[in-house]
Every structure is written in structure tokens, then in C-alpha cells.
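Shown next, in C-alpha cells, is the structure this report addresses.
None of the figures in this text is laboratory data; all of them are computed from the coordinates on show. What you are looking at is a predicted structure, and each value in this text was computed from that prediction instead of being measured. Here the Cβ is made from the backbone with ideal geometry for all residues, glycine too, and neighbour counts use every protein chain on show.
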Amino acid sequence: MGAALRTRITQLLGIDHPILGGGLMWLSDARYVAALVNAGCMGFITPRSYASEADFRDALALCTELTHGKPFGVNLTLSHRPEANSMVPRWMDASLGHGVKVFETAGHAPAELIKALHKANAVVVHKASSIRHALSAERAGADAIALVGMEEGGHPGMNELPTMLMGALAHGQFSVPVVLGGGIGRGNQLAAVLAQGLDGVLIGSRFLVCEEIQTHPRYKEHLLTCDEHSTVRLLQSLGTTWRVLLNDTASQVQAIERAGATEYAAFGDLISGTVARDRCYAEGDWRNGLVSLGPSIAFANRIEPLQDIVNGMVDEAVQAIAALRSMHSQNGMEQE
């Protein structure tokens, strides 16, 4: 289908639909990001998912081939631990050298990174989990904001406000485009975000059952059985909240946390991200590992091409907006 919904974010990024696919650790590879771009959205490759800089560069080249040269993005997430950010400048340089001009930034103190990206004439969408941090990123020069609520799968920060409330609070506070993320997986939710006066949505979990995501079929089949109660928030005691699939590992971590643990060492390898990569994503053992997931997985009912998911969402959003317009028209006639 052709472009149906135009907002400031579609204009800024040159995309057809006001839908961004957030960078997914281990999963936002060249094929998935290319599928997002080819479906009229924007996606972001996650360089932290790659074993080497050479592998990341290969992914950039493959994505360019698969998108036939259309723009795609790269995620640069900053850790609160400085030593974990040593590769960020190299990933940035590799991306810019390849011609990437759109970046999703996230994490601790992004001002210098945003400044460096702007020197290269890049566009920056900064992801934040609080109004305060989002406004700070805007002042630092972010070209757009992705504001995420507590429903976000993965790391929503210490925020305990739901997504739609965050959107209502954001209205009128920003001069740059704002998209909302967390718990969004239906077109009528996209329509609701646009009705708030915001510019689009950021989606992760709903897309996990698309054909282009490279995970084991057993994991995807399990996702189809999940509902809105199939995730849990953990590790608030460490200040690093993580919303994950409710599985055996999550239950173990939950028990340790309830017992009063406040140090990383108490959890051992249970909270290692590579366990999810190796056991769940690669082998299909969904019971093991902290597997990032949000409640919007409840909207997934089949494995299908990403293009079909996007088309369905956009069609539903257009219908919802038309229904609102019709309601207003009917009310106007009644008043006459």
C-alpha cells in the first residue's frame, strides 16, 4: 500500500509510515532492519550484537544491498559504565563512513555523542524513559525523541509511568518530533498516539514473530502462546530495570531479588545477556535466559512477513482515524 500517514517523523527520516523499529540486542541485524526499511519504516542495526567490528561492517554492507540503497539506521547505546563504551566511536565512524545518516541513541549522557553525529550531518533520534531526560536530549540537539513507558520490553529505565500517560505528559513540551514506545502493537494504538498530537510509534516486541527475525522456530512458536501477562519487570534493585519473558530464569532472578539482593554478583550468570542469545534465540530453549519482551507480544497471532504486520497496522490506524473523523462529523450535524 502507499503512504497513508504523514507526520514530522516521516518527513524527518524520509519514510512512508510513522513507525520505527527499535534496536533489538542480538536481533536487529541487516535482514531485519532491511525488512523494516523496505516496509516503509525505519530500523536500526545494533553494533553491540556483533562479535567484531568487521562483522558489523559486513552487516552495514548487506543492509545497503538488501535495501537497494535506501537509508537505514544504526543504534548507539551508551552504557553508564565508561569502559563499555570504548567501541562506540569506532561504530559511529564505521557507520558514517558507510553512508549511514540516521542514528538511534540511548543511555547515559548522550550530549557529546549527539554533537559528534551532528558534525557529520547525521539525524539523531534519542530514546529516553523520562520526560526530564528526553528534554535534556532535546537541548543537547536530538532531532527527535523516542519516549518509552514502563511497558517497553528490555530496559525501560526506572520509569514506572505507562506509555500513553508519558505521551500525554509530553504533549506541548517538545519542539522536535516525538514517538512513543512500550506496549504498542496495534494500529488503533498508533492512531491514538497521533490523536495525542505526537508523531509516531517505536515498536519492538510485536515484530519478534516476523519471518525476518533470526531466532529459533521454537521460540517464535512460544511467543504465539504468550499474552499480556507473560512478561515481568526485574532488577529494579540494581537500578537497571529489565522487562523480560516470564520463564524459569526470570523466576529465579525474581526470587533472588525478593530475598534482598542488591549486587550484580548475587545473580551470577543468570543475568548474562549471552544466555538468551545462545539458549533461547539460537537453540529455542525459551525457558532459559533473560529474554527481553514486552506485553505487546499479546497482539501476535501468527508468524508472517514484516511487511504484512506493518500493512495491517497502518490499515487499522487509518480506519480508526476515519472513525474518529466520522464521529466528529456526526456530532457536528447533530449540533446543527
Return one quarter of the surface area of the convex hull spanned by the alpha-carbon atoms of the stretch 217-295, equal to its mean projected area, in nm². 4.7
Once a ≥ b ≥ c are taken as the square roots of the eigenvalues of the Cα gyration tensor of the stretch 144-259, is the result rounded (a/c under 1.5), prolate (a/b larger than b/c) or oblate (a/b not larger than b/c)? oblate
Restricting to Cα pairs under 8 Å and 6 or more apart, the percent relative contact order of the chain works out to 16
Filter the GluC sites (Glu not before Pro) in the stretch 224-299 to those in DSSP coil with at most 10 other Cβ atoms within 10 Å of their Cβ, and list the result. Glu263
Per the Kirkwood formula on distinct C-alpha pairs, the Rh of the chain is how many angstrom? 20.3
With 10 angstrom as the radius, rank His229, His222 by how many other C-beta atoms surround their C-beta, starting from the fewest. His229, His222
Spacing of the two label points (7 Å from each Cα toward its C-beta) at Glu304 and Met158, in nm: 4.2
Within the chain, how many lysine pairs that are 8 or more places apart, or on different chains, have C-alpha atoms less than 27 Å apart? 10
On a C-alpha basis, how far is the centre of the stretch 255-295 from the centre of the stretch 101-171 in Å? Whole number, if you could? 26
I want to check the label-to-label distance for Gln11 and Ser79. Put each point 7 Å from Cα in the C-beta direction and report it in nm to one decimal. 4.0
Quickly estimate the mean residue ellipticity at 222 nm for the chain, helices only: each DSSP H run with n ≥ 4 gives -39500 (n - 2.57), and the total goes over all residues, rounded to 500. -11000 deg cm²/dmol
Work out, step by step, the length gained on full extension between Ala4 and Arg132: first 0.36 nm times the residue separation, then minus their alpha carbon distance; give nm to one decimal. 42.8 nm
Based only on other Cβ atoms within 10 Å, what is the fewest-to-most ordering of Asp269, Asp278? Asp269, Asp278
Estimated FRET transfer efficiency (Ala282, Asn121; beta-carbon r; R0 56 Å; 0.05): 0.90
According to a simple spin-label model (label point 7 Å from Cα along Cα-to-Cβ), what is the distance in nm between His171 and Gln254? 3.5
May I ask you to order 113-121, 69-77 by the average number of other C-beta atoms within 10 Å around their residues, highest value first? 69-77, 113-121
Using +1 at the C-beta of Lys and Arg and -1 at the C-beta of Asp and Glu, which of Leu293, Val275, Ala255 has the Cα lying farthest in the positive direction of the dipole of the stretch 217-295? Leu293
The stretch 79-202, relative contact order [Cα under 8 Å, separation at least 6], %: 18
Let me know the shape class of the stretch 182-250, please: from the alpha-carbon gyration tensor, a ≥ b ≥ c as square roots of the eigenvalues, rounded when a/c is under 1.5, otherwise prolate if a/b is greater than b/c, or oblate. oblate
